[in-house]
Amino acid sequence: MLSKPGEVLVRAFAVVGLTAATAFTGQSAPAGGGRAAWADAGQGTRADDEERILFRFKDGRIGESSGLAVSPTHEDVYYTHNDSGSGPVFYAVGPKGQTRATFTLRGAEARDWEGMAASVDQKTGRGVLWFADIGDNFDGAWPDISVYKVAEPTVLSDAVVPAVRYRFRYEDGGHNAEGVMVNPRTGRLYIVTKQFAGAVYEAPKRLRTDRVNVLRKVGPAPLMATDAAYAPDGSSFVIRTYFSATVYRAPGEQITRVTMPQLDQAESITYTRDGRYLLTGSEGKRSPVYQVPLPEEVLREAAPEPTTALRRAAPTPDAEPAPTPVAGKKAGRDEAGEDAGVPTSAVLLWLAIAAGATGTITLIARNTR
């Protein structure tokens with residue numbers, strides 16, 4: 001939200017940096033103040049060349065859509081929630097953007113909801129929704145963060161639903177975060193931080209409600225990550241930034257980057273149920289949700305349902321994941337030697353202009369008080 005001084009500082013710096021990077025690289029910056037998608041060289045070839053608006057949110061109450069998920073059990077149903085200030089509420093939306101039901105989480109808080117995920121309970125086959133109260137614009141203002149687990153409603157009508165709260169803290173101190181995702185193979189939960197040097201954090205295999213769960217760093221994340229999601233088959237996951245999206249086969253193991261549509265404020269991303277497309281959304285009234293085809297190289301990575309042996313081989317809280325090297329690539333980089341999401345040259349240039357941008361950013365922050 002632009003009214004938060006900490007968020008203003010981050011976004012203003014990103015805009016200044018993107019403008020300078022554009023001048024440096026000769027690429028054109030997108031519309032939307034530099035926070036939308038950025039089509040940089042080195043991004044993968046698409047499965048086809050068509051992206052389209054799937055729908056626009058029609059409900060006036062959905063003004064700051066910050067999380068997005070596809071229903072695991074209801075056909076053509078999508079879930080979203082607002083950023084902070086709207087209470088612990090989420091919406092079930094139909095294929096034309098119409099609200100079909102509004103749900104309130106019983107006994108939950110909405111300090112700064114920034115993302116959501118959907119998964120399937122492997123024992124019951126029932127859908128599960130996860131809501132991440134993980135925003136922290138001061139990188140440590142809160143002693144812990146929370147993620148709420150909700151059984152997906154079987155009936156799409158307004159209701160109050162029970163939620164299970166899990167509290168978390170990072171092993172290395174506080175962070176701001178907007179991305180949450182759940183591995184469909186293992187049921188493991190991950191948080192992706194939103195920072196200039198972001199990271200992917202893994203939750204314990206077994207979550208506890210009677211204590212604070214510790215999140216362990218397992219890999220890097222692109223600059224300023226705003227959301228993340230696992231593919232339905234678990235073969236890959238995607239991390240969204242203000243500028244693009246990056247697909248990984250494992251933490252630190254990049255497959256490709258994907259060009260994103262131009263949005264005023266890119267906030268959410270998820271996969272379609274068939275795993276062939278990405279859906280991405282933005283904050284704002286009547287904001288659009290775009291459907292973006294995945295590149296062929298990502299679709300070739302798609303895997304069948306994991307076997308029992310694969311599930312048994314899933315990482316445990318005591319085992320540090322060891323990414324498999326990819327021929328011709330280094331972890332977190334593509335063939336051109338670029339960091340996932342933003343070219344290295346642009347990142348270095350952003351850092352170089354930090355001193356010059358400080359005065360402008362400070363003025364903007366003061367005006368928002």
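The values are calculated or read from the model by the stated rules, or taken from the named source; none is laboratory data. As the structure is a computational prediction, the values presented were derived from the model and not from experiment. Backbone-built Cβ (ideal geometry, glycine too); neighbour counts: all protein chains shown.
Taking only pairs six or more apart or across chains, which ones have beta-carbon atoms under 6 Å, a first residue in segment 274-290 that is closer than 19 Å to residue 178 by Cβ, and a second residue that is among the acidic types (Asp, Glu)?
What qualifies is 282/264; 282/267; 283/64; 283/267; 284/264; 290/51.
So, in segment 113-139, exactly how many residues are in a strand (DSSP E or B) and without any contact (Cβ under 8 Å) to a residue 40 or more places away in the chain? Even if it seems obvious, please write down each step before you answer.
If we filter segment 113-139 for residues that are in a strand (DSSP E or B), which is where we start, we get 115-120, 127-133.
Checking the rest, the ones that are also without any contact (Cβ under 8 Å) to a residue 40 or more places away in the chain come to 133.
So the answer is 1.
Let me confirm something: among 138, 196, 168, 131, which residue is closer than 20 Å to residue 222 by Cβ and aromatic (Phe, Trp, Tyr)? Talk me through it step by step, then tell me what you get.
Numbers: 138 fails: closer than 20 Å to residue 222 by Cβ; 168 fails: closer than 20 Å to residue 222 by Cβ; 131 fails: closer than 20 Å to residue 222 by Cβ.
Residue meeting the stated conditions: 196.
Restricting to segment 175-223, give me the number of residues that are polar (S, T, N, Q) and assigned to a strand (DSSP E or B).
Taking segment 175-223 and keeping what is polar (S, T, N, Q), we get 176, 183, 186, 193, 195, 209, 213.
Keeping just the survivors that are assigned to a strand (DSSP E or B) gives 193, 213.
Qualifying residue count, segment 175-223: 2.
Note down all Cβ pairs under 6 Å where the first residue falls in segment 204-215 and is in the same structural domain as residue 191 (by TED's automatic domain parsing), the second is polar (S, T, N, Q) and not in a loop (DSSP other than H, G, I, E, B), and they're at least six residues apart or on different chains.
204/213; 207/213
Residues checked against (1) hydrophobic (A, V, I, L, M, F, W, C); (2) in the same structural domain as residue 72 (by TED's automatic domain parsing); (3) surrounded by fewer than 24 Cβ atoms within 10 Å (Cβ to Cβ):
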{"residue": "221", "(1), (2), (3)": "yes, yes, no"}
{"residue": "227", "(1), (2), (3)": "no, yes, no"}
{"residue": "232", "(1), (2), (3)": "no, yes, yes"}
{"residue": "239", "(1), (2), (3)": "yes, yes, no"}
{"residue": "243", "(1), (2), (3)": "yes, yes, no"}
{"residue": "251", "(1), (2), (3)": "no, yes, yes"}
{"residue": "277", "(1), (2), (3)": "no, yes, yes"}
{"residue": "285", "(1), (2), (3)": "no, yes, yes"}
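Output the qualifying pairs, or none if there are none: Cβ atoms under 6 angstrom, residues six or more apart or on different chains, first residue in segment 85-110 and among the charged types (D, E, K, R), second residue at pLDDT 95 or above.
Listed by first residue and then by second, the contacts come to 96/55; 100/92; 100/94; 100/156; 106/160; 106/162.
Within segment 262-275, which residues are buried (at least 21 other Cβ atoms within 10 Å of the Cβ) and over 24 Å from residue 189 (Cβ atoms)?
Once the filter is applied, which keeps residues that are buried (at least 21 other Cβ atoms within 10 Å of the Cβ) and over 24 Å from residue 189 (Cβ atoms), segment 262-275 yields 263, 265.
Out of all the residues in segment 286-319, which are assigned to a loop (DSSP other than H, G, I, E, B), modelled with pLDDT under 90 and either among the small types (Gly, Ala, Ser) or in contact with a Gly (Cβ under 6 Å, 6 or more places away or on another chain) (or both)? I'd like the intermediate steps shown before the answer.
So the first thing to find is which residues in segment 286-319 are assigned to a loop (DSSP other than H, G, I, E, B), and the list is 286-287, 294, 300-307, 313-319.
Cutting the leftovers down to modelled with pLDDT under 90 gives us 301-307, 313-319.
Hits for segment 286-319 are 302, 303, 313, 314, 319.
Give the residues of segment 140-160 that are crowded, with 17+ Cβ neighbours inside 10 Å, in a strand (DSSP E or B) and either in contact with a Pro (Cβ under 9 Å, 6 or more places away or on another chain) or acidic (Asp, Glu) (or both), sorted by residue number.
Scanning segment 140-160 gives 148, 150.
Going through 200, 182 one at a time, which residue ends up being in contact with a strand residue (DSSP E or B) (Cβ under 8 Å, 6 or more places away or on another chain) and over 22 Å from residue 72 (Cβ atoms)? Steps first, please.
Values: 182 fails: over 22 Å from residue 72 (Cβ atoms).
That would be 200, the only listed residue that is in contact with a strand residue (DSSP E or B) (Cβ under 8 Å, 6 or more places away or on another chain) and over 22 Å from residue 72 (Cβ atoms).
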